[in-house]
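Bear in mind these aren't lab numbers, they're just calculated from the coordinates by the rules spelled out. Please read all numbers here as calculations on a predicted model, not as lab measurements. Cβ atoms come from the backbone with ideal geometry, glycine included; neighbour counts cover every protein chain shown.
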Amino acid sequence: MDTKLMIELFGYLGSTLVVVSMLMTSVVRLRVINTIGSIIFMIYALIIHSYPTALMNLCLVGINIYQLLRLRNTTNSYHMVEVNFNDRYLQFLLSYYDSDIRTYFPDFRERLDETDVAYIICLDSETVGVTLGKHLNETALELFVDYSTPTYRDCSVGEYLYSQLKEKGIKELVYRGKEAAHIEYVKKVGFVQNESGDYTKKL
C-alpha cells in the first residue's frame, strides 16, 4: 500500500468517526468520539497542508474537551429540584421515559404509592435525571428510581445527586432492585451488597 493511499484512508477514518459521533445518544460518547475523529482529521489536514481545516478541527477538539470537563464538574450547572410526587412535570417525565426507566427499574410503578421523596435533576435548564424514593428513617433513603436520561447517562448526574442528598442529612442510601443493568451501575458508584442482598452506600 503506497503512502498516498494510507494518508487518504487516515483522513477517511477521521471523517467517519466525526460522522459516527453524531449518531450517539450519549453526549459524553458523542464528545469523546468526535474528539478522536477531529484529532485524526486535524493530523490528516496538516499532512496535506490544509491549515484552515486543521485549525477548525483543533477548535473542535478544544470545544469538546471544555464541554467534557464541564459535564464532569458537579459544582457548576447542575440543579436538584425537590418536587411533590403529584407534580405534573414529574408525571410527564415518568410517562415520557417510561419504557427506558423500566429497563433499569421494571417494577417502579408498583412502588410509586410508597414514594415520599421526588427530585428532578437539571443541567442548566435541561432535565437530565429523576430520583424517587422513600425515607427509611431520618438519615437513610431507599431509592426506587435513580434515573438519568440517555443523553446524560455517562455524566456526573449521580455524583451530584449523592452530594446533594448528603447535604440534606442523608447518610445512607439503599437500593433493593435486582435488575442487572442497574446493579452494575450501583456497584460502580460505591454501593455494597449486604447480607440481606440489598445494596447500600454510605454518604
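At 0.36 nm per residue, and after removing the present C-alpha to C-alpha distance, how many nm does the segment from residue 198 to residue 113 gain when stretched out fully?
Net length gain for the segment: 28.5 nm.
Let me check I've understood the local charge: for residue 65, count other residues with C-beta under 13 angstrom from its C-beta, Lys and Arg +1, Asp and Glu -1. What total comes out?
Values: positive: 31, 70, 72; negative: none.
Net of charged neighbours comes to +3.
List the lysines whose Cα sits under 29 Å from the Cα of residue 166, skipping any in the same chain fewer than 8 residues away.
The reachable lysines, counting only those whose Cα sits under 29 Å from residue 166, are 134, 178, 187, 188, 201, 202.
Taking the Cβ of each residue in 40, 63 as the centre, tally the other Cβ atoms inside 10 Å and list the residues starting with the fewest.
In increasing order of surrounding Cβ atoms, one gets 63, 40.
Once the dipole of the range 78-202 is set up with Lys and Arg at +1 and Asp and Glu at -1 on Cβ about the Cα centre, which of 135, 97, 174 lies farthest towards its positive end?
174
Which peptide among 16-23, 190-197 comes first, and what is the full order, when sorted by highest mean count of other Cβ atoms within 10 Å?
16-23, 190-197
How would you rank 87, 113, going from fewest to most other Cβ atoms within 10 Å of each one's own Cβ? It would help to have the intermediate numbers written out before the result.
Details: 87 14, 113 8.
Fewest to most other Cβ atoms nearby, the residues stand as 113, 87.
Can you pull out the trypsin sites (Lys or Arg not before Pro) in the range 111-203 that DSSP calls coil and that have at most 11 other Cβ atoms within 10 Å?
Passing both the DSSP loop test and the Cβ count: 178.
With θ taken as phi - 60° and the coefficients 6.51, -1.76 and 1.60, list the Karplus ³J(HN,Hα) couplings across the range 52-67 in order, rounded to whole Hz; mark glycine and proline as x.
x, 5, 5, 5, 4, 5, 4, 5, 5, 4, x, 5, 4, 5, 4, 5
Expressed as an acute angle from 0 to 90° and rounded to the nearest 10, what is the orientation of the C-alpha long axis of helix 3-21 relative to the principal long axis of the chain?
Once rounded, the angle reads 30 degrees.
State, as an integer percentage, the relative contact order of the range 3-72 based on alpha-carbon contacts under 8 Å between residues 6 or more apart. Could the numbers behind the result be given before it?
On the way: 73 pairs, mean separation 20.8, N = 70.
Relative contact order for the range 3-72 comes out at 30 percent.
What percent do you get for the relative contact order of the chain when only Cα pairs under 8 Å and 6+ apart count?
Across the chain, relative contact order equals 16 percent.
Which FRET efficiency value, to the nearest 0.05, is calculated for residue 48 and residue 23 with the Förster distance at 30 angstrom and r the Cβ-Cβ distance?
It comes out at approximately 0.65.
Just to confirm a number: summing +1 for Lys and Arg and -1 for Asp and Glu over residues other than residue 165 whose beta-carbon lies under 15 angstrom from that of residue 165, what do you get?
That works out to -2.
Using only Cα atoms, find the angle between the long axis of helix 27-47 and the longest principal axis of the chain, and express it within 0 to 90 degrees, rounded to the nearest 10.
10
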